[in-house]
Every structure is written in C-alpha cells, then in structure tokens.
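This report concerns only the one structure given below.
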Amino acid sequence: MEKLYIALVDTPGLFAWMIRKVIKINYIHVVLSLDKDLREAYSVGRRNPFLPFFAGFEKEDLFQISRAFPTARYKIYSIPCTREQKAQIMLQLMEDYRKRFHYHYCIIGLPFLLMGKSFYQKNHYTCSSFIARILEENGVLTFSKHFSLVTPRDFYEYDSQDIIYEGSLRMLRSCL
C-alpha cells in the first residue's frame, strides 16, 4: 500500500479571509503531495505567493510560501492508494505541470460554487476541485458531488485522516 498526502493550508490575507467566511474553516487551500515532506506537492493557486492576481497549476515551494506567509499553518494527512494509482497520479501531475500555463484559477465558477451549482470551464479549477478531480479519476477518493463543488471543507472533513502534521509552516520547515 502506498500513500498520497493532502495538505490543508491556512494563510492570512483578504482573499483568504473571504474564503474562510464562506467555508467556515481556517484551512482555505488544498495541496496534493506525493511525499510527506511536500517536496513533490502541487495545487491550483498563486503562481507567486506574493501576488494574488496570477493563479494556476503550480508546484508548491514551501520556502517561498514561508517568506510570503510567515504565519501560515498546515495540516497534513495521508490517504492510502495502490502503487498503480500513485504512479498514474504522478504521471498526470508531471504532465499537468508541463502544461501548467494552460491551467487557470476558476474565478468565474465561484458564484456557481456559492449557489451549489456545478460548473466547469475547460482547464479552470479551484485548488480543491483540481485535486478532487484527480483523486476521483484515479479511484482514490470519491465525493458525493461534482468535483467543481468540492471545497477545502470536504478535505478537512475527510473521515479517514491519518494526520502526520498540524502546526506552523515554520515548524514544518524546521523538521525537513
């Protein structure tokens, strides 16, 4: 049995504050990692942590994130998968990263999300919808709704969490 890792992230800022008000939890960003140290971690989010206006599919950089958000908090848990599922997800993430500038943040879908209506615009995702789609397509997790309606709350409330870390990004980095 292999493992994948889900990182839930709590960062400061106006956009994060608005997301918190809607989903009613502190963790407002979701990251999918192939390793527990988040060295091979991917998400749809800010291309540069300092600039909230440009977002798409990116490989997470903990050191850059810690410079932009020194008070960020992380909750990391593992989810089981087969060797084949992990290999397929790894290939998919590598291919998506190669084409990363074709993927964008789904701003136009946010009102639909608030209304509970599924919406998909080709190659446009939120952090949670992108990860939900990949995990569902590969049979790792299933959700009771369309992937476009999955929010960080759905990952936060996942029943079978095997939590491996919860705390500040600063402490996480010191453990690496």
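The values are calculated or read from the model by the stated rules, or taken from the named source; none is laboratory data. Predicted model, so just to flag it, every value in this text is computed and none were measured. Neighbour counts run over all protein chains shown; Cβ positions are idealised from the backbone, glycine included. The accessibility values were calculated without ligands, DNA or RNA, using every heavy atom of the protein model including side chains. Shrake-Rupley method; radii C 1.70, N 1.55, O 1.52, S 1.80 Å.
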Open item on the list: Among the residues of the stretch 115-123, are any at pLDDT below 95, touching a helix residue (DSSP H, G or I) at 6+ places or on another chain (Cβ under 9 Å) and surrounded by fewer than 13 Cβ atoms within 10 Å (Cβ to Cβ)?
Closed with: yes
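Quickly run through the stretch 141-166 and pick out the residues that are in contact (Cβ under 8 Å) with a residue 60 or more places away in the chain and of a type in the set (Val, Ile, Thr).
So in the stretch 141-166, the residues in contact (Cβ under 8 Å) with a residue 60 or more places away in the chain come out as 141, 151-153, 155-156, 158, 160-166.
Thr151, Ile163, Ile164 - these are the residues of the stretch 141-166 that are in contact (Cβ under 8 Å) with a residue 60 or more places away in the chain and of a type in the set (Val, Ile, Thr).
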Open item on the list: Condition (residue is at pLDDT 95 or above, out of contact with any helix residue (DSSP H, G or I) (no Cβ under 7 Å at 6 or more places or on another chain) and farther than 18 Å from Val150 by Cα) applied to the stretch 17-29: is it met by at least one residue?
Closed with: no
Task: Asp96 being crowded, with 17+ Cβ neighbours inside 10 Å and within 18 Å of Glu137 (Cβ to Cβ) - done: yes
Open item on the list: For the stretch 141-163, which positions are part of a loop (DSSP other than H, G, I, E, B) and buried (at least 19 other Cβ atoms within 10 Å of the Cβ)?
Closed with: Leu141, Val150, Thr151
TODO: Run Cys175 past the list (1) open to solvent by 70 Å² or more (accessible area, probe 1.4 Å); (2) over 28 Å from Phe54 (Cα atoms); (3) touching a residue at least 12 places away in the same chain (Cβ under 8 Å); (4) of a type in the set (A, V, I, L, M, F, W, C) and report the number of the one that doesn't hold.
DONE: (3)
- [ ] Go through the stretch 127-140 and count every residue that is in a helix (DSSP H, G or I) and in contact with a strand residue (DSSP E or B) (Cβ under 9 Å, 6 or more places away or on another chain).
- [x] 9
Open item on the list: Residues that are surrounded by fewer than 20 Cβ atoms within 10 Å (Cβ to Cβ), in contact with an Asp or Glu (Cβ under 7 Å, 6 or more places away or on another chain), more than 26 Å from Val22 (Cβ to Cβ) and of a type in the set (Gly, Ala, Ser): does the stretch 74-90 have at least one?
Closed with: yes
- [ ] Looking only at the stretch 50-60, count how many residues are at pLDDT 80 or above and either surrounded by fewer than 16 Cβ atoms within 10 Å (Cβ to Cβ) or touching a helix residue (DSSP H, G or I) at 6+ places or on another chain (Cβ under 7 Å) (or both).
- [x] 5
- [ ] Test Val44 against the stated conditions and say whether it is under 11 Å from Pro152 (Cα atoms), among the hydrophobic types (A, V, I, L, M, F, W, C) and either open to solvent by 10 Å² or more (accessible area, probe 1.4 Å) or in contact with a strand residue (DSSP E or B) (Cβ under 6 Å, 6 or more places away or on another chain) (or both).
- [x] no
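Do we find that Arg153 is more than 23 Å from Ile19 (Cβ to Cβ) and charged (D, E, K, R) in this structure? Before the answer, list the steps.
Details: more than 23 Å from Ile19 (Cβ to Cβ): no; charged (D, E, K, R): yes.
When the stated conditions are applied, Arg153 does not pass them.
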